[in-house]
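Note sheet for the following structure.
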Amino acid sequence: MKAGDVVRWSFVQQDGQRKLRPAVVIAVVPPFNDLLVCAVSTQLHRREEGLDVLVDAKHPDIRRMGLNFPSLIRIA
């Protein structure tokens, strides 16, 4: 895996349950190759200014990133 890849990641939800969700790999951190990831969501109405980056259908990298729909990347 490398930075920019979209992967399935087990995130803890509000109710404490885990759920596989899409995530973007931000970095592979040495020395153990740990992954730093950010959650991805198609729930555009939940966008928070300063917390989310919008990748809309016109974004030049949307297909390269493996995203099939306009999405939010939660960066904070």
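None of the figures in this text is laboratory data; all of them are computed from the coordinates on show. In this text, all values refer to a predicted model and were calculated from it rather than measured experimentally. Cβ atoms come from the backbone with ideal geometry, glycine included; neighbour counts cover every protein chain shown.
For the chain, the calculated P(r), taken from all Cα-Cα distances in 5 Å bins from zero up to the bin holding the longest distance, is 3, 16, 23, 26, 19, 9, 4, 0 percent. Between the exposed loop cleavage positions of the chain, defined as trypsin sites (Lys or Arg not before Pro) in a non-H, G, I, E, B DSSP state with at most 16 neighbouring beta-carbon atoms within 10 angstrom, the longest gap is 3-46.
Taking a Cβ cut-off of under 12 Å around ALA23, the surrounding Lys, Arg, Asp and Glu residues balance to a net charge of +3, with basic ones at +1 and acidic ones at -1.
In a GNM of the chain with a 10 Å cut-off on Cα contacts, which of PRO22, PRO31, PRO60 has the highest mean-square fluctuation? It is PRO31.
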